[in-house]
Every structure is written in C-alpha cells, then in structure tokens.
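Chemist: Before I ask anything, here is the structure I am working with.
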Amino acid sequence: MNSALQTILSSNINDELKKIATKVFSGERIDVNEGIYLYEHAELGYLGVLAEYVKEKKSGNKVFFNRNFHVEPTNICVYTCSFCAYSRLIKNKEEGWEMSIEQMMDIIKKYDDKNVTEVHITGGVIPKQDFAFYTELFRTIKAHRPDLHVKALTPVEYHYIFKKAKLSYEEGMQKMKEAGLDSMPGGGAEIFHPEIRDKIAGGKCSAEEWLSIHEIWHNMGMHSNATMLYGHIEKFWHRVDHMERLRQLQDKTKGFNCFIPLKFRNKNNEMSDVPEVSVIEDLRNYAISRIYLDNFDHIKAYWAMIGRSTAQLSLNFGVDDIDGTIDDTTKIYSMAGAEEQTPKLSTQQLIELVQQVGKTAVERDTLYNVVVDYSS
Ligand code: V47
Ligand code: SF4
C-alpha cells in the first residue's frame, strides 16, 4: 500500500474521509456527495496529500507555464455581471476603452521580436465588435504572424455575436476556426447553477449554452479551457455541481486542456460587501478540483489573480500550471482588487518561482506541447 495512504488510514480521521482517500489512491472517481463532503469536512493537509498524489500520477514533478500576453478589445459591456469591475463602466463611459483592429494589431506587433507563443483576447461585449469585426481581427493576426496561437473570446461573446449575425453555434464556430481561431479560454463559466448564475451574471449565456459551444468546438477537434468563479455567494454544492457538469462534458469530448479556479475579488464591483475567502480556502479549492476533475490533465493557478505567493503555495495542492508571463497586459483583475496590480513576470522569475518549491519548470505552448524543459 502507498505509504501516504497508510499514514492517512492510521490517523485520527473519520471513516468517510478514509473511504474517500482509499478511492482516490486506487484511481476510483469520487461522486457528487463525496465532493461536497470534502468541501465541508476535509482539512487542508489531508487534501494536499490526495491532490498531490493525483497530480503526480498525471504530470510528475512538472509545473507548466507559457509565454503569453493579453489583448482586451473593450472594457465596456452590454451585460452587468455584479462581480465585474468592468460593468460599472457602462455608467462611467469616459473610463472605458474600445479598440479598433489597427490598435490591437499595434499591440500585437510590439511582440514581433519576442518569442511569445500565445495571444489571449477577451473583454466586454459590445454591438460594434461583432462577427465581421472578430473574423477580420483573427484573419489579420494570422496573416501577420501565423505561428501565434490565437486563444480568444468565450461563449458569452460567441453566443451574442452569433445571435446577432443569425448564425447557429455550429456555423459560427466553423467560421471562427476558418478565420484563425485556435482555441477558447475558459471564461464566462462563473457558476453554472441558475440559482447563483441568475443573481451574479443574469442575461448572459446560460450554463447549457456555455457547455454547448465548448462541445461543438471540441467536436471540431479543437481545445478550450474551463473556469469557475468561486468564493462569493455560492455554496459548496454549487461548486461541485459546476465541476460535475464539466467532468461529464470532458468524458464525452476530452477537449478541455485545463481547469482554472478563479477567486472572487471584491473591489470596484457591486459585490464589494461580499468578503473574499481565505488563502486556506483557495488551497482547499485547488486540491478538491484536482481530486474531483479526474479527467482533466491540468489545474491552473492564475497568478495574476491570486498573487505569486499563493500561486507558489498551490503547487503543493494539485496545481501543475501557473499560466504565463502576461507582461502586464490585463486589467480585469487589477481593477477588481487582485494582488498583482501590474502583472508581469519574466520567464526567469516564473522558473524560479517553480524551482523554489522543488518542482521542474516546463515552458509549454497553449496545447501543452513542451517548448523548453528546465529540469537541471
Ligand atoms: O469569466 C471577472 C473572471 C473571467 C472578476 O483560459 C473575476 O487560460 C474574480 O476566464 N473576481 C475571465 N474573477 C478570465 C478568464 C481567464 C483568465 C486567465 C486565463 C484563462 C485561460 C481564462 O474573469 C470571467 C470571470 O469569471 N472575473 N471579474 C472578479 N471580480
Ligand atoms: Fe461583461 Fe464579462 Fe464583465 Fe460580465 S464579466 S459584465 S460579460 S465583461
């Protein structure tokens, strides 16, 4: 028997936690009730042992990162999600920006002599930035730099854009692929259950629509990410319900690259009275995600949101990816009060952050092909 499991079974914990540990160490999937039980009763140390066991079986000692930058086409939005530090700008339009294709290309061209592999494009939803706008943007990027991976927009934008263009999801995603879209980031998922979604993100695409667009994209042989916005008004069972829906889709398509839990930050939004959860809760959440989502290869800690210290700690709680260099190109999180007000890490700093906790840093591309393995 594995020595870590042996230690757990001979410790002072209750039979349910011992049963769950035995399941996890034998590669058996835990169910919804067991997921909720972990959130309600399991301590951080116990969760860390289980999550690290699962993680090491999948990616050993490796921690992945990539070289990327963000383009945020606009921070004005037709929706008014109450957690969003952008949405208030509808009332304060003078604080808003709206970029043209030329302005975005100017940003992209600044990276011409840098060996970044990915541009991450996402922001608010406005009528002007429609189907024709984005297909032209993707075509222009690809004509300029064909090897740059375009990871862009979420089902929130696609649902709006396709509806306006009177296109089905299938037709729309096919045309986006032809224009140069390589993959989809994980945003817009928030919390799927309507009891919470209607309160914090009412009006934008439903859980079913979000999942359907990802499924269609995966069925075209393409990949995407998934997120969960946690630590606000949701209950633990809503988080498990969210992950269960993702796990079921992943069983069908295997198209998700990674899962990214996003910690709710409470500055400059309509939910400022909702307290943020503790770092302990962040780490418990990473660990339970790793244990629950047994069919996801990678769990990502987005350091720009939780800060580099918590990101580093998370590497002992099931996380094997810390996103990328970012180069201070995103404002979504700094506006919502994230630790990192000017998120920028050099490749060397990212490598050190990983090596300081005894792990091996691996630069990857968006699809997790190894670019450079920094094992010494
Ligand atoms: O959907 C907005 C979140 C998401 C707040 O796929 C907030 O590699 C916390 O999905 N507190 C968009 N979160 C960003 C996103 C993402 C980020 C990094 C990497 C990837 C990837 C995807 O940001 C939104 C929403 O859930 N968000 N406001 C806030 N106040
Ligand atoms: Fe708009 Fe996205 Fe903010 Fe919601 S989270 S208001 S969809 S930018």
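Chemist: How do the pairs read when you match residues in region 193-211 that are at positive phi with residues anywhere that are assigned to a loop (DSSP other than H, G, I, E, B) and within 16 Å of ligand 2 (Cβ to nearest atom), using Cβ under 8 Å and keeping only pairs 6 or more apart or on different chains?
Modeler: What qualifies is 203/79; 203/80.
Chemist: For residue 191, indicate whether it is assigned to a helix (DSSP H, G or I), within 15 Å of ligand 1 (Cβ to nearest atom) and buried (at least 20 other Cβ atoms within 10 Å of the Cβ). If you could, list the steps in order and put the result at the bottom.
Modeler: On the way: assigned to a helix (DSSP H, G or I): no; within 15 Å of ligand 1 (Cβ to nearest atom): yes; buried (at least 20 other Cβ atoms within 10 Å of the Cβ): yes.
No, not satisfied.
Chemist: Would region 262-273 turn up any residue that is farther than 21 Å from residue 156 by Cα, out of contact with any His (no Cβ under 8 Å at 6 or more places or on another chain), modelled with pLDDT of 95 or more and assigned to a helix (DSSP H, G or I)?
Modeler: No: zero hits.
Chemist: With the requirement that a residue be among the polar types (S, T, N, Q) and surrounded by fewer than 21 Cβ atoms within 10 Å (Cβ to Cβ), what does region 206-240 give you? Quick ask: steps written out before the conclusion?
Modeler: Taking region 206-240 and keeping what is among the polar types (S, T, N, Q), we get 206, 212, 219, 224-225, 227.
Those that are among the polar types (S, T, N, Q) and surrounded by fewer than 21 Cβ atoms within 10 Å (Cβ to Cβ): 206, 212, 219.
Chemist: Sticking with this one: Against the definition (surrounded by 23 or more Cβ atoms within 10 Å (Cβ to Cβ) and away from ligand 1 (no atom under 16 Å from the Cβ)), how does residue 317 come out, yes or no?
Modeler: Yes.
Chemist: Are any residues in region 8-54 surrounded by 12 or more Cβ atoms within 10 Å (Cβ to Cβ), at pLDDT below 95 and of a type in the set (S, T, N, Q), and if so, which ones?
Modeler: If the condition is that a residue be surrounded by 12 or more Cβ atoms within 10 Å (Cβ to Cβ), at pLDDT below 95 and of a type in the set (S, T, N, Q), then 11 is the only one that fits.
Chemist: Pull up region 145-169, narrow it to residues that are out of contact with any Phe, Trp or Tyr (no Cβ under 9 Å at 6 or more places or on another chain) and over 13 Å from residue 183 (Cα atoms), then point me to the one that is farthest from ligand 1 (Cβ to nearest atom). If you could, list the steps in order and put the result at the bottom.
Modeler: Taking region 145-169 first, the residues out of contact with any Phe, Trp or Tyr (no Cβ under 9 Å at 6 or more places or on another chain) are 146-147, 149, 151, 163, 166.
Next cut, over 13 Å from residue 183 (Cα atoms) only: 146-147, 163, 166.
Numbers: 146: 21, 147: 19, 163: 19, 166: 26 Å.
The qualifying residue farthest from ligand 1 (Cβ to nearest atom) is 166.
Chemist: Which members of region 177-208 meet the condition of being in contact with a Phe, Trp or Tyr (Cβ under 7 Å, 6 or more places away or on another chain) and away from ligand 2 (no atom under 12 Å from the Cβ)? Full working, then the answer.
Modeler: Within region 177-208, the subset in contact with a Phe, Trp or Tyr (Cβ under 7 Å, 6 or more places away or on another chain) is 179-181, 184, 188-189, 200, 203-204, 207.
Within region 177-208, 179, 180, 181, 184, 207 qualify.
Chemist: So which residues in region 47-86 are small (Gly, Ala, Ser), within 11 Å of ligand 1 (Cβ to nearest atom) and touching a Gly at 6+ places or on another chain (Cβ under 8 Å), if there are any at all? Quick ask: steps written out before the conclusion?
Modeler: Within region 47-86, the subset small (Gly, Ala, Ser) is 48, 51, 59-60, 82, 85.
From the residues that got through so far, the ones that are within 11 Å of ligand 1 (Cβ to nearest atom) too are 82, 85.
Result: 85, single match.
Chemist: Please determine whether any residue of region 56-63 is within 20 Å of the chain's Cα centre (by Cα), among the β-branched types (Val, Ile, Thr) and either modelled with pLDDT of 95 or more or within 26 Å of residue 267 (Cα to Cα) (or both). Quick ask: steps written out before the conclusion?
Modeler: Let us first name the residues in region 56-63 that are within 20 Å of the chain's Cα centre (by Cα), namely 58-59, 62-63.
Cutting the leftovers down to among the β-branched types (Val, Ile, Thr) gives us 63.
Among the residues that remain, those that are also either modelled with pLDDT of 95 or more or within 26 Å of residue 267 (Cα to Cα) (or both) are: 63.
Scanning region 56-63 turns up at least one residue that is within 20 Å of the chain's Cα centre (by Cα), among the β-branched types (Val, Ile, Thr) and either modelled with pLDDT of 95 or more or within 26 Å of residue 267 (Cα to Cα) (or both).
Chemist: Residues 340, 352: which one is in contact with a Gly (Cβ under 8 Å, 6 or more places away or on another chain) and modelled with pLDDT under 95?
Modeler: On the way: 352 fails: in contact with a Gly (Cβ under 8 Å, 6 or more places away or on another chain).
Answer to the selection: 340.
Chemist: Against the condition within 12 Å of ligand 2 (Cβ to nearest atom) and under 30 Å from residue 348 (Cβ atoms), how does residue 72 come out, does it pass?
Modeler: yes
Chemist: Is there any pair linking a residue in region 74-94 that is of a type in the set (Val, Ile, Thr) to one that is within 7 Å of ligand 2 (Cβ to nearest atom) and modelled with pLDDT of 90 or more, with Cβ under 8 Å and at least six apart or on different chains, and which?
Modeler: Taking only residues 6 or more apart or on different chains, the pairs are 74/123; 74/124; 76/124; 78/124; 78/125; 90/77; 90/80.
Rundown of residues vs (1) within 16 Å of ligand 2 (Cβ to nearest atom); (2) more than 25 Å from the chain's Cα centre (by Cα), yes/no style:
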position	(1), (2)
99	yes, no
102	no, yes
115	no, no
120	yes, no
125	yes, no
130	yes, no
142	no, no
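Chemist: Could I ask something else about it? Against the conditions (1) buried (at least 19 other Cβ atoms within 10 Å of the Cβ); (2) in a helix (DSSP H, G or I), where does residue 133 fall short? Just the number, please.
Modeler: For residue 133, the exception is condition (1).
Chemist: Of the residues 235, 175, which is away from ligand 1 (no atom under 12 Å from the Cβ), over 23 Å from residue 306 (Cβ atoms) and modelled with pLDDT of 95 or more?
Modeler: Numbers: 235 fails: over 23 Å from residue 306 (Cβ atoms).
The match here is 175.
Chemist: Being surrounded by fewer than 17 Cβ atoms within 10 Å (Cβ to Cβ) and at pLDDT 95 or above narrows it down to one residue among 106, 113; which is it?
Modeler: On the way: 113 fails: at pLDDT 95 or above.
Criteria check complete, one pass: 106.
Chemist: Another question, then. Restricting to region 144-178, name every residue that is within 21 Å of residue 70 (Cβ to Cβ), surrounded by fewer than 17 Cβ atoms within 10 Å (Cβ to Cβ) and among the acidic types (Asp, Glu).
Modeler: Listed by number, the list holds a single entry, 147.
Chemist: Test residue 141 against the stated conditions and say whether it is surrounded by 19 or more Cβ atoms within 10 Å (Cβ to Cβ), of a type outside the set (Asp, Glu), away from ligand 1 (no atom under 16 Å from the Cβ) and under 30 Å from residue 115 (Cβ atoms). If you could, list the steps in order and put the result at the bottom.
Modeler: Working: surrounded by 19 or more Cβ atoms within 10 Å (Cβ to Cβ): yes; of a type outside the set (Asp, Glu): yes; away from ligand 1 (no atom under 16 Å from the Cβ): yes; under 30 Å from residue 115 (Cβ atoms): yes.
Here the answer is yes, as residue 141 does meet what is asked.
Chemist: Give me the pairs: first residue in region 150-174 and more than 15 Å from residue 133 (Cα to Cα) and in a helix (DSSP H, G or I), second residue within 14 Å of ligand 2 (Cβ to nearest atom) and of a type in the set (Gly, Ala, Ser), beta-carbon distance under 6 Å, and six or more apart or on different chains, which are they?
Modeler: Correct list of pairs: 155/188; 156/188.
Chemist: Within region 282-292, identify whether any single residue is within 16 Å of ligand 1 (Cβ to nearest atom), within 29 Å of residue 182 (Cα to Cα) and modelled with pLDDT of 90 or more, and answer yes or no. Step through it out loud before you land on a result.
Modeler: So the first thing to find is which residues in region 282-292 are within 16 Å of ligand 1 (Cβ to nearest atom), and the list is 282, 285-286, 289.
Remaining after also requiring within 29 Å of residue 182 (Cα to Cα): 286, 289.
Now narrow it down to the ones that are modelled with pLDDT of 90 or more: 286, 289.
Among the residues of region 282-292, at least one is within 16 Å of ligand 1 (Cβ to nearest atom), within 29 Å of residue 182 (Cα to Cα) and modelled with pLDDT of 90 or more, which makes the answer yes.
The values are calculated or read from the model by the stated rules, or taken from the named source; none is laboratory data. All values reported here derive from a predicted model rather than from experimental measurement. Note that each Cβ is placed from the backbone with ideal geometry, even for glycine, and that neighbours are counted across all protein chains shown.
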